[in-house]
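The structure under discussion appears below in the form of structure tokens.
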Amino acid sequence: MTAEPPEVVKARNDNSHGTNFVDSPEPIYGTQFLPRKFKVAVTVPTDNSVDLLTNDIGVVVVSDENGEPQGFNIYVGGGMGRTHRMEATFARLAEPIGYVPKEDILYAVKAIVVTQREHGRRDDRKYSRMKYLISSWGIEKFRDVVEQYYGKKFEPSRELPEWEFKSYLGWHEQGDGAWFCGLHVDSGRVGGIMKKTLREVIEKYKIDVRITPNQNIVLCDIKTEWKRPITTVLAQAGLLQPEFVDPLNQTAMACPAFPLCPLAITEAERGIPSILKRVRAMFEKVGLDYDESVVIRVTGCPNGCARPYMAELGLVGDGPNSYQVWLGGTPNLTQIARSFMDKVKVHDLEKVCEPLFYHWKLERQTKESFGEYTTRMGFEKLKELIDTYKGVSQ
């Protein structure tokens, strides 16, 4: 193992604001870790490939006009997990807490973790995520307490451009003369010839591998002369360039669910291929173009592991072959969806979705995404459209 950078060790061991357990080999956590996962995402402006707002802490690099990092905008309190029929549990977006100069980032993040350690719920794991602490306190009180452990005030968040979802599929220049290649993997599942080929390519060319938050694989540090042979061999194994992958599949996600997860109520990974084919058939029926897409995410239970509450169309298992339908997320993953219908049987998907796709095509405003359309129309009106739908007008 490589030694930690000295600035990390210094920040962890600094007890000037009473954050640490003294003489503990783990000065921040002590003898007990936090009772739930604690997710941190780091990105740069515009790039929301990390689903930034679903994390406990989101960190965004802020650079000057020469591209030199100056500091970080920090977001806090995102989380997806919830429980059916328990209104006190909910999915929540992270919100901005402020900006810190780059030399303070470790101290600021440590102060946020310590605030959760000291004040987050320990008595009930259902409510032990940081989102519930921030929800009960409000962001101002949370910020005040964090600042006591940080020893400074947060500066106001810096203005940032609009977020975009970036898939990084296909070939891209790395910026250092080498290339990287993003490979779409349905539900992150690699097996058989695909797995064997990937291993051979990675070992032969000694390339670095990243796994994306959208269940895909990125191969890095590829020399120009390797591009063609790598493309050919991967395509033969079914790892296709993005132009050969249905746009619906490129943004879709599902959790493993049956038969692997003991919490699953219904199918997700095994069910999503046919769901996506059916959505594509509905698109064709109502006259939507092939290159149009809707962010679809499917989970087998409400814990939200494929982050369905950010989807334009989220399907959340709520019974055998049955889903809650969530609508209203956006393609750039900045708006939370809302629960639209309960107990929709998987074979009734067309009854619910086809009228919505049909009216979206007819009534949308310029460049209005499906999620934006469903939010603008409102759920009462959408239910009316479903009830009165007579099929595609010829």
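The values are calculated or read from the model by the stated rules, or taken from the named source; none is laboratory data. Given the structure is predicted, the values throughout are model-derived calculations rather than measurements. Methodologically, a virtual Cβ is constructed for each residue, glycine included, from the backbone with ideal geometry; neighbour enumeration extends over all protein chains shown. These area figures cover heavy atoms from the full protein model, side chains too; ligands, DNA and RNA do not enter into them. Shrake-Rupley method; radii C 1.70, N 1.55, O 1.52, S 1.80 Å.
Some points to look at:
- Sparse-neighbourhood loop sites, GluC sites (Glu not before Pro) in region 293-370 - DSSP loop, at most 10 other Cβ within 10 angstrom: none
- Sequence ranges 106-116, 267-277, ranked by mean other-Cβ count within 10 angstrom, highest first: 106-116, 267-277
- Rg/Rh ratio calculated on Cα atoms of the chain (Kirkwood radius): 0.99
- Ellipsoid semi-axes for region 107-175, based on the Cα gyration tensor and the rule √(5λ), read 31, 19, 13 Å when sorted largest first.
- Here the calculated FRET efficiency for LYS285 and LEU263, from their Cβ-Cβ distance with R0 = 25 Å, stands at 0.10, rounded to the nearest 0.05.
- Among 134-146, 10-22, the order from most to least packed when residues are scored by Cβ within 10 Å on average: 134-146, 10-22
- With respect to the chain, whose longest principal axis is taken over its alpha-carbon atoms, helix 349-363 is tilted by about 90°.
- Residues of the chain: accessible area per residue with a 1.4 Å probe, Å²: 50
- Residue among LEU239, VAL190, THR375 farthest towards the positive dipole end of the chain, charges placed on Cβ: VAL190
- Only lysines eight or more places from LYS10 in sequence, or on another chain, were considered; those with a Cα closer than 19 Å are LYS102, LYS110, LYS152.
- Only Lys, Arg, Asp and Glu carry charge here, each on its Cβ (+1 for the first two, -1 for the last two); on that basis the chain has a dipole of about 1300 debye about its Cα centre.
- Between region 132-169 and region 360-382, the alpha-carbon centres lie 30 Å apart.
- Cβ-based charge dipole, the chain, positive-most Cα from PRO259, CYS353, LEU333: PRO259
- Residue (of ILE222, LEU248, HIS172) at the positive-pole extreme of region 149-306, dipole from beta-carbon charges: ILE222
- Trypsin sites (Lys or Arg not before Pro) restricted to DSSP loop in region 13-56 with at most 13 other C-beta within 10 Å: LYS37
- LYS343/GLU380 FRET efficiency (R0 25 Å; Cβ-Cβ; nearest 0.05): 0.85
- Principal axis extents of the Cα atoms in region 248-347, from largest to smallest and rounded to whole angstrom, are 39, 27, 23.
- The chain - mean residue ellipticity at 222 nm from DSSP helices (-39,500 (n - 2.57) per run, n ≥ 4, rounded to 500): -9000 deg cm²/dmol
- Rounded to the nearest 20 debye, the dipole magnitude of region 1-156 is 940 debye, with +1 charges on Lys and Arg beta carbons, -1 on Asp and Glu beta carbons, and the Cα centre as origin.
- Antiparallel beta bridges, as assigned by DSSP with both residues in the chain, represent about 80 percent of the total such bridges.
- Apportionment of accessible area to carbon and sulfur, the chain, percent (1.4 Å): 53
- Subtracting the Cα-Cα distance of VAL233 and LYS153 from 0.36 nm times their residue separation leaves 23.4 nm of extension gain.
- Projected area, mean over directions - region 292-394, Cα convex hull, nm²: 6.6
- Loop chymotrypsin sites (Phe, Trp or Tyr not before Pro), region 278-376, which have at most 16 other Cβ atoms in a 10 Å radius of their Cβ (DSSP): TYR290
- Accessible area (Å², 1.4 Å probe, nearest 10) - PHE90: 60
- Per-pair calculated FRET efficiency, R0 = 25 Å: LYS277 and HIS84 via Cβ, rounded to 0.05: 0.35
- Overall Cα dimensions of region 1-96 - principal axes, largest extent first, Å: 45, 44, 30
- Cβ-based net charge around GLY151, under 12 Å, with every Lys or Arg adding one and every Asp or Glu removing one: 0
- When cysteine pairs in the chain are screened for C-beta atoms closer than 4.7 angstrom, the residues that find no partner are CYS181, CYS220, CYS261, CYS301, CYS353.
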